[in-house]
Structures are given as C-alpha cells and as structure tokens.
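The numbers here are math on the coordinates, done by the rules we state, and not lab data. Because the structure is a prediction, the values reported are computed rather than measured. So basically every Cβ, Gly included, is an ideal-geometry build from the backbone, and we count neighbours across all protein chains shown.
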Amino acid sequence: MLKGMVSLVTGGASGLGKATVERLIKNGGKVVVLDIQVTRAHEVAKRLGSNVLVSPGCVTSEDDVKKAIDLAKTQFGCLNTVVNCAGHSETHQIYNFNKDQSCDIDGFMKCVNVNTVGTFNVIRLAAGVIGKNAPDENGQRGVIVNTASTIAFEGDIGQFAYAASSAAVVGMTLPIAREFASQGIRVMTIAPGTFDTPLLSYLPEKMLHFLCRMTPFPSRLGRPEEFAQLVTSILENPMLNGTVIRLDGAQKWFPL
C-alpha cells in the first residue's frame, strides 16, 4: 500500500520526521520535506535519493505550505498523505516570585504558533488536494497524521506552553476526522513520550537517566524509528481514524 504513496512530511530534516521520511522511502514511497532546517533537509534528500524533495519553509506560512504541496503535485503527480512532525518546545516558569517577574509571552506564542497553528495550517491547505484523489477500495483518498505529546495529558511544571499546544492538536483530531470522513480522509494523532531526538540534546546525562526510569517498559528513551513504524501502521490500517495513540511505554511522571 505504501509503494508509490506521495507524502508531505513537515519537520522531516531531523528527529521523528526524518525517521518517518526514511521509513516511507524504504517502503517505496515519495516524500516532500517541509522544514526550516534547509541544510539538514537537503542532506536527508541527498542520502535517500530522488524520491525525496525539499521545500524550505515554515509550517505557519501559508505560502511555504502551498509551495510544498505544489511541489508534490508537479513533481510526483499527487499528494496522498501528510505527516505533521514540525514542532517547538519551551520550558519556563510562568511567574518567578523571587524576582517578582512574569515570563515573556513570546515563548508561549511560538509554541502555539508552530505546534497548533502550524499543524492546522498544513491540514487546511492539504485537505483540498488530498480530497481530489481517486478513492481506493475502502473509499479512502488519503491520511493525515499529526504529532502531539503525552505532555498534553500530564504536563509538568514549566511545560505549560508545550502542554497547551499539544492538547490543542489532540482536541482537534476527532472533529477534523469527522468533517473529512465524507471525503475519505482519515485523521490521526500520535502522542509520543520521551524520544531520543535533537530536542533532548541539551539535557544532562543525569536527567536522561531519570527520564528512562520514568518509562516502566521498555525503560529507555523512545527511538525515532519506532515512531515511524507507528506512522506506517496507521497508513496501512483503514480503521484507525479520529483518535490519539500514546507511544510512551506507559510513561509516568513520578519516581518508580
């Protein structure tokens, strides 16, 4: 089923997005990568071959997203799938009572703009193109897979921006799936736990060990290829629609 499938993967230059691009290509697909990390995106495309094209830009820009979609149509003939992996994380106190100072609003706005508005922007612009595809034997025309986080359900102190933006993606999954059902477009969201991606590169080793202990089994960080495996499982299973799958090894946010 994946062979020949044309996908738009946002944030495909690194982390979960890159692993998704690699798996889609391995299964015979074609991919357009939309990412602000242009150099890294071109490195991925060069390594994986001509079935990966790069469209530089940001998910919050209507023009950038349209260019990526147009690239898929002109070079690969259609667009079947969107995988939204572009994201941004912020960790701050809301108010520092020792300094009698509130946090800056810009970090919160960036989180919401990239994670929530950016995801929605890609969905709204891609839907019309996917909805024009010929339906398959199940009446399906395409699939949209979003990325949230388990922090949407149990965010900790300082994670208010990431929790709010992820929770919004979780919340819009079902209503969008119900709206797009008449056009044969499925909509799913994955909520990963703590994965071994560049977003964790700044953490000290002690903190990484703590995060591993918070995952009952397997007691380690998630691997990007495991996220990518779930993406392809969603694409292949037509009954998965309108829900959120936690991918976190039963992660807890208190000491075991």
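A few remarks follow.
- Mean residue ellipticity (222 nm) of the chain, computed from DSSP H runs ≥ 4 via -39,500 (n - 2.57), nearest 500: -12500 deg cm²/dmol
- Here the Gaussian network model covers the chain, with springs between Cα atoms less than 10 Å apart; of Glu226, Glu137, Glu90, Glu137 fluctuates the most.
- Net +/- balance of residues flanking Gly28 in space, Cβ distance below 15 Å, scoring K and R +1, D and E -1: +2
- DSSP-defined antiparallel bridges as percent of all bridges, the chain, nearest 5: 5
- The H on the amide N of Arg246, modeled in the peptide plane, is under 5 Å from the matching H of Ala191, each at least 5 residues off or on a different chain.
- Between amide H atoms placed 1.01 Å from N, distances below 5 Å from Leu53 occur with Val31, Val32, Val33, all of them 5 or more places distant or on a separate chain.
- The range 111-144: trypsin sites (Lys or Arg not before Pro) in DSSP coil with no more than 15 other Cβ atoms inside 10 Å: Lys132
- Among Ile123, Ile94, Ile105: highest mean-square fluctuation, GNM of the chain, C-alpha pairs under 10 Å: Ile105
- Sorting 241-247, 5-11 by average packing, meaning the other beta carbons within 10 Å per residue, from highest down gives 5-11, 241-247.
- Summarising the label geometry, the points placed 7 Å from Cα in the beta-carbon direction at Phe217 and Ser102 lie 4.7 nm from one another.
- Within a Gaussian network of the chain (alpha carbon springs, distance under 10 Å), most fluctuating of His88, His42, His209: His209
- Longest DSSP-loop-exposure-free segment, chymotrypsin sites (Phe, Trp or Tyr not before Pro), the chain, at most 16 other Cβ within 10 Å: 98-201
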